[in-house]
Amino acid sequence: MPAEMPQNLVKMANQISVNLSANGSDDVVAEHVATHLQKFWSPPMKQMIIAQLSERKTDLLPVTIVAIEKLFQMQNAKRD
């Protein structure tokens with residue numbers, strides 16, 4: 001995996017959050033972003049972006065962090 005791949009995913013996830021920011025409150029936007037990531041990102045991409053939650057230093061926007069936490073919950077719900 002190229003070293004810049006996680007950073008590119010962070011940038012993409014943040015762009016999705018910014019683009020959807022007109023859809024309402026941060027919680028609503030986070031839900032829309034999580035749904036988008038769930039539908040359109042490949043499993044490896046989802047795993048890499050979820051792994052960013054454990055990074056000490058990340059460029060994720062606060063709303064994007066909430067979205068990725070929701071994505072993580074969606075992923076776990078699918079396994080149950």
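The values are calculated or read from the model by the stated rules, or taken from the named source; none is laboratory data. On a predicted model such as this, the values are computed, not experimentally measured, just so you know. FYI the Cβ positions are ideal-geometry reconstructions off the backbone, even for glycines, and counts take in every protein chain you see.
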Which residue pairs have Cβ atoms under 8 Å apart, sit 6 or more places apart or on different chains, and have a first residue in region 61-79 that is assigned to a loop (DSSP other than H, G, I, E, B) and a second that is surrounded by 11 or more Cβ atoms within 10 Å (Cβ to Cβ) and modelled with pLDDT of 95 or more? LEU61/ASN14; LEU61/SER17; LEU61/VAL18
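Okay, residues lined up against (1) within 17 Å of GLN15 (Cα to Cα); (2) among the hydrophobic types (A, V, I, L, M, F, W, C); (3) surrounded by 15 or more Cβ atoms within 10 Å (Cβ to Cβ):
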site	(1), (2), (3)
LEU37	yes, yes, yes
PHE40	yes, yes, no
PRO44	no, no, no
MET48	yes, yes, yes
GLN52	yes, no, yes
LYS57	no, no, no
PRO62	yes, no, no
PHE72	no, yes, yes
LYS78	no, no, no
